[in-house]
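One structure is given here, and the rest of the page talks about it.
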Amino acid sequence: MSRIEEFELIIVGGGPAGLCAAMYAGRGMLRAVLLERGVPGGELLNTEWVDDYPGFEHVLGRDLAHKMAAHAVAFGADIRQENVESIVRREDGIFEVATSMGTVYEAPAVILTAGGTPTKLGVPGELEYAGRGVSYCAVCDGAFFKGETIAVVGGGDAAVEEADYLTRYAEKVYVIHRRDEFRASKILQERIFANPKIEVIWNRRVLELVGGPAGLRHLELEDTVTGERHTLPVTGCFIFIGFSPNSGLIKQHVAHDASGYLITDDRMMTSIPGLFAAGDLRVQLTRQVTTAVGDATTAAIAVEKFLKDRRSGAVGAQVGV
Ligand code: NAP
């Protein structure tokens with residue numbers, strides 16, 4: 001039988017958005033719990049340096065994560081290592097958040113900050129060589145490629161930033177982009193154009209990742225303009241082509257865009273009353289640490305108001321109200 005625990009607010013996910021929401025929930029004296037399957041910090045733990053968080057010109061991602069977690073705990077956050085499997089809103093307006101350890105957490109409000117998982121290229125060889133040359137995390141795996149020639153796929157902030165990071169280990173880093181222009185911010189672009197270990201290969205898409213028993217050996221590329229094919233010898237391939245939001249935890253219909261990102265109102269509330277979303281899994285222009293904590297601040301304060309209205313009977317209990 002499941003163990004049931006009751007709270008006023010359940011925060012799902014312990015990245016910057018979740019930790020910030022927990023900090024505000026603590027300040028607001030809410031009975032809140034934060035459920036995170038791993039170590040708190042989220043994407044900060046996959047980022048070496050953060051240099052766009054106000055007040056911290058240059059801070060290690062893991063140090064910022066530790067500071068955010070400590071700050072939330074100092075305000076009374078209850079952070080638990082639990083893997084959330086489903087979120088369901090009952091007819092009476094209470095959410096049931098079930099975890100793989102068999103506990104069902106119940107609360108009238110949930111802030112979902114579960115982020116996303118890296119998008120796959122979806123080409124032959126990608127899954128076969130995952131962990132044997134193919135990676136989605138430079139900070140985790142970069143050191144395995146000391147002195148080697150590797151590739152980074154993508155043209156956004158993540159690809160460009162991580163390519164630069166990887167040159168501390170790799171002898172040569174090719175950045176393969178499907179167009180002739182990056183979407184990454186200019187400051188990050190300038191950094192890689194100035195890095196002699198990086199060569200950008202424009203207008204190419206990866207058709208296949210090819211290797212043998214020892215791991216990845218080369219990439220088969222296609223010119224997106226001429227259709228010509230090329231072979232690029234590399235022993236590592238880091239893929240940074242965006243990520244898909246972890247919105248599948250919600251077992252009821254919730255408004256989302258074509259890619260699965262959750263649509264919220266200006267209080268960060270989704271189409272399900274009492275279910276708030278903050279950070280990378282929400283529809284928005286950009287996904288930064290700063291936007292994640294901004295969303296979370298709004299969501300946590302909106303939850304306080306939502307709970308107050310609910311207590312006074314101003315919020316309906318039916319789904320779709
Ligand atoms: P992103 O901004 O969505 O960029 C994805 C890149 O991958 C794009 O260049 C895209 O090409 C390319 N791409 C997508 N699908 C592809 C495919 N199937 N094959 C080849 N290339 C493909 O994703 P991201 O770089 O992971 O960043 C996600 C969010 O986090 C962004 O909002 C970003 O600003 C933020 N972020 C910020 C920082 C920072 O500020 N330091 C660091 C990391 C991430 P096209 O350009 O042709 O579409």
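Just give me the residues in the range 284-307 being more than 16 Å from the ligand (Cβ to nearest atom), open to solvent by 30 Å² or more (accessible area, probe 1.4 Å) and under 22 Å from the mean Cα position of the chain (by Cα), in sequence order.
Thr297, Thr298
Does any residue of the range 152-166 turn out to be in the same structural domain as Val234 (by TED's automatic domain parsing) and at positive phi?
yes
Would you confirm whether or not the range 19-29 contains a residue that is in contact with a strand residue (DSSP E or B) (Cβ under 9 Å, 6 or more places away or on another chain) and exposed (fewer than 15 other Cβ atoms within 10 Å of the Cβ)?
no
Quick check on my filter: what residues within the range 62-108 are surrounded by fewer than 21 Cβ atoms within 10 Å (Cβ to Cβ) and small (Gly, Ala, Ser)?
Answer for the range 62-108, where residues must be surrounded by fewer than 21 Cβ atoms within 10 Å (Cβ to Cβ) and small (Gly, Ala, Ser): Ala70, Ala74, Gly76, Ser86, Gly93, Ala98, Ser100, Gly102.
Scan the range 218-237 residue by residue and report those that are outside any loop (DSSP other than H, G, I, E, B) and free of Cβ contacts under 8 Å to residues at least 24 places away in the same chain. Lay out the reasoning, then the answer.
Looking only at the range 218-237, we keep the residues that are outside any loop (DSSP other than H, G, I, E, B), and these are 218-223, 229-233, 236-237.
Hits for the range 218-237 are His218, Glu220, Glu222, Asp223, Arg229, Thr231.
I need the full set of residues from the range 40-62 which are in a loop (DSSP other than H, G, I, E, B) and modelled with pLDDT of 95 or more, in order please. Step through it out loud before you land on a result.
Our first condition is that a residue be in a loop (DSSP other than H, G, I, E, B); within the range 40-62, this holds for 40-41, 47-48, 51-52, 54-55, 57-58.
Listed by number, the residues that qualify are Pro40, Gly41, Pro54, Gly55.
If I filter the range 258-278 for residues that are in a strand (DSSP E or B), in the same structural domain as Val88 (by TED's automatic domain parsing), of a type in the set (Phe, Trp, Tyr) and crowded, with 17+ Cβ neighbours inside 10 Å, do I get at least one hit? Explain how you work it out, then say what you get.
Step one: list which residues in the range 258-278 are in a strand (DSSP E or B), which gives 262, 269, 275-277.
The next check asks that each one be in the same structural domain as Val88 (by TED's automatic domain parsing); those that pass are 262, 269, 275-277.
Applying the additional criterion that residues be of a type in the set (Phe, Trp, Tyr) yields 276.
From what's left, crowded, with 17+ Cβ neighbours inside 10 Å: 276.
For the range 258-278, residues in a strand (DSSP E or B), in the same structural domain as Val88 (by TED's automatic domain parsing), of a type in the set (Phe, Trp, Tyr) and crowded, with 17+ Cβ neighbours inside 10 Å: present.
When you scan the range 1-39, how many residues do you find that are part of a helix (DSSP H, G or I), small (Gly, Ala, Ser) and farther than 24 Å from Ser86 by Cβ?
1
Looking at Ile201, Ile150, can you tell me which residue is touching a Leu at 6+ places or on another chain (Cβ under 9 Å) and closer than 17 Å to Glu126 by Cα?
Numbers: Ile201 fails: closer than 17 Å to Glu126 by Cα.
Checking each option against the conditions leaves just Ile150.
So for the range 144-151 (the condition being closer than 23 Å to Ser244 by Cα, outside the structural domain of Ser247 (by TED's automatic domain parsing) and out of contact with any His (no Cβ under 9 Å at 6 or more places or on another chain)), does at least one residue qualify?
Yes, the conditions are met somewhere in the range 144-151.
Test Glu148 against the stated conditions and say whether it is open to solvent by 20 Å² or more (accessible area, probe 1.4 Å), away from the ligand (no atom under 11 Å from the Cβ), under 21 Å from Gly211 (Cα atoms) and not small (Gly, Ala, Ser).
For Glu148, the condition - open to solvent by 20 Å² or more (accessible area, probe 1.4 Å), away from the ligand (no atom under 11 Å from the Cβ), under 21 Å from Gly211 (Cα atoms) and not small (Gly, Ala, Ser) - is met.
Report, ordered by the first and then the second residue, all pairs with beta carbons closer than 9 Å, sequence separation of six or more or different chains, a first member in the range 284-302 that is more than 16 Å from Thr270 (Cα to Cα), and a second member that is modelled with pLDDT under 95 and of a type in the set (Ser, Thr, Tyr).
Val289/Thr47
Kindly check whether there is at least one residue in the range 238-248 that is without any contact (Cβ under 8 Å) to a residue 60 or more places away in the chain and either away from the ligand (no atom under 15 Å from the Cβ) or in a loop (DSSP other than H, G, I, E, B) (or both).
Scanning the range 238-248 turns up at least one residue that is without any contact (Cβ under 8 Å) to a residue 60 or more places away in the chain and either away from the ligand (no atom under 15 Å from the Cβ) or in a loop (DSSP other than H, G, I, E, B) (or both).
Provide a single number: the residues in the range 153-208 that are away from the ligand (no atom under 13 Å from the Cβ), without any contact (Cβ under 8 Å) to a residue 24 or more places away in the chain and either charged (D, E, K, R) or in a helix (DSSP H, G or I) (or both).
Counting residues in the range 153-208 that are away from the ligand (no atom under 13 Å from the Cβ), without any contact (Cβ under 8 Å) to a residue 24 or more places away in the chain and either charged (D, E, K, R) or in a helix (DSSP H, G or I) (or both) gives 2.
Which number in (1) at pLDDT 95 or above; (2) more than 16 Å from the ligand (Cβ to nearest atom); (3) open to solvent by 40 Å² or more (accessible area, probe 1.4 Å); (4) at positive phi marks the one condition that Gly131 misses?
Only one criterion is unmet by Gly131, namely (1).
Scan the range 235-243 and tell me whether some residue there is at pLDDT 95 or above, surrounded by fewer than 23 Cβ atoms within 10 Å (Cβ to Cβ) and of a type in the set (A, V, I, L, M, F, W, C).
Yes, the conditions are met somewhere in the range 235-243.
The values are calculated or read from the model by the stated rules, or taken from the named source; none is laboratory data. In this text, all values refer to a predicted model and were calculated from it rather than measured experimentally. Counting neighbours? That spans all protein chains shown, and the Cβs are built from the backbone with ideal geometry, glycine included. The accessibility values were calculated without ligands, DNA or RNA, using every heavy atom of the protein model including side chains. Shrake-Rupley method; radii C 1.70, N 1.55, O 1.52, S 1.80 Å.
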